[in-house]
Amino acid sequence: FPGYLSPSLGLKFADVPNGLAALSKLPVLGGAQMVAFAGLIETTGFFQAESTTDGRGPREGAFAMMDSTERGEPGNYGVGFPNFLGKVTDPEARKTKLAAELANGRLAMMAIIGMFFQDGLTGSAWGDWATYTASPLRAFESELGVQEPVGFWDPAGFTADGDLAKFKRRRSVELKHGRICMMATMGYITPEVIGKLPGYLSPSAGLKFADIPNGLAAISKVPTAGWAQIAAYFGFVEFSGGFTDYKTGTPGDYGFKVLTSSDPAEKTKKLAAEIANGRLAMVAIIGMFFQDGLTGSAWGDWALYTASPLR
């Protein structure tokens with residue numbers, strides 16, 4: 001804006017920086033005015049101190065806020081929003097606009113927190129990454145798996161200490177879990193698409209492959225000796241491959257070459273694809289487990305989940 005934010009202090013709007021840095025420029029009296037205005041909106045007008053209607057008893061205190069879900073429609077204060085545009089009377093248009101408001105609000109909540117972190121780490125309201133020279137993530141920003149659109153993404157902060165050995169160990173575990181989950185996902189899908197193997201799973205028990213249901217229900221049908229064989233094979237693969245690949249070489253490289261190429265760029269592309277597909281498979285197989293467990297079907301017919309609290 002043109003003009004002064006605080007004429008008495010000679011502070012112009014142009015003197016106030018964008019983002020978090022504006023907090024240091026805002027006069028104390030200006031901050032107090034904002035708090036007072038927010039308090040006025042909260043305690044009068046849109047929100048009223050009234051008794052609850054769901055059995056929780058009356059409010060305590062003159063400035064207690066009424067929860068918006070206690071009466072009528074959540075978020076509907078009877079004035080329309082914005083006020084000067086009035087209310088939306090068409091039911092379908094109103095439904096569309098309210099859904100858009102919820103979606104935009106959720107996006108904005110994520111966006112503003114992201115902007116705060118971006119501003120705080122880079123010192124700029126629009127966060128030039130080049131200015132955040134102290135970032136420990138710079139040690140890993142050129143590693144495999146750093147892909148668009150999110151770039152290096154570590155919301156849990158596992159790499160915040162910049163420890164290369166720990167990073168390589170986690171990368172080895174990520175690759176191993178991703179490979180297992182890719183096979184597991186295909187194991188879920190394949191019997192549904194092309195059917196099951198002919199013959200017997202256990203001749204001594206008279207158990208055919210066709211007798212084994214798909215999904216989690218198969219667990220109860222496989223004989224104990226079969227599970228012992230599966231566990232033994234897993235152990236053999238684990239111990240023969242070793243657990244120190246990340247210490248002595250490239251994480252996930254056990255000498256069995258499948259995704260390779262003499263062209264370095266092509267090799268990098270294939271290895272990056274393996275990580276991306278492995279990540280997707282880890283999410284997919286967990287989704288399939290939940291879907292199967294809740295619906296009783298490997299492909300999760302929602303109509304079967306009659307106990308859903310979402311109904």
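For Lys168, a cut-off of 18 angstrom between C-alpha atoms picks up these lysines, skipping any fewer than 8 places away in its own chain: Lys176, Lys247.
Taken one residue at a time, the phi angles of segment 143-158 give Karplus couplings (6.51, -1.76, 1.60, θ = phi - 60°) of 6, 4, x, 7, 10, 5, x, 8, x, 7, 10, 9, x, 7, x, 5 Hz. Gly and Pro are set to x. Modelled label positions at Lys12 and Ala111, each set 7 Å beyond Cα in the direction of Cβ, lie 3.0 nm from each other. For segment 189-292, the fraction of 1.4 Å probe accessible surface lying on carbon and sulfur atoms is 66 percent.
Label zone (Ala210, point 7 Å along Cα-to-C-beta; backbone nitrogen cut-off 13 Å) within segment 179-204: 195-201. The radius of gyration of the Cα set in segment 177-284, together with its Dmax, comes out at 17.5, 52 angstrom. Can you compute the FRET efficiency between Lys166 and Glu141 using 1/(1 + (r/R0)^6), with r the Cβ-Cβ distance and R0 = 22 Å? Round to the nearest 0.05. Efficiency at R0 = 22 Å is approximately 0.85. In this rough spin-label picture, where each label sits 7 Å from Cα along the Cβ direction, the Val193-Val173 distance is 3.1 nm.
Taking the charge dipole of segment 141-197 about its Cα centre, with +1 at Lys and Arg Cβ atoms and -1 at Asp and Glu Cβ atoms, the residue from Ile180, Gln147, Leu197 reaching farthest to the positive side is Leu197. In the context of the full set of protein chains, segment 161-311 has a per residue accessible area of 67 Å² (1.4 Å probe). Listed by chain and number, the lysines whose alpha-carbon sits under 27 Å from that of Lys97, ignoring those within fewer than 8 places in the same chain, are Lys87.
Label separation (Thr268 vs Ile219): 4.2 nm, computed from points 7 Å beyond Cα along the C-beta direction. Computed over all pairs of different Cα atoms, the Kirkwood value for the hydrodynamic radius of segment 101-236 is 19.9 Å.
The values are calculated or read from the model by the stated rules, or taken from the named source; none is laboratory data. None of these values were measured; they are calculated from a predicted model. A quick note on method: Cβ atoms are made from the backbone with ideal geometry, for glycine too, and the neighbour counts reach across all protein chains shown. Just the protein is used for accessible areas: all its heavy atoms, side chains included, with ligands, DNA and RNA removed. Shrake-Rupley method; radii C 1.70, N 1.55, O 1.52, S 1.80 Å.
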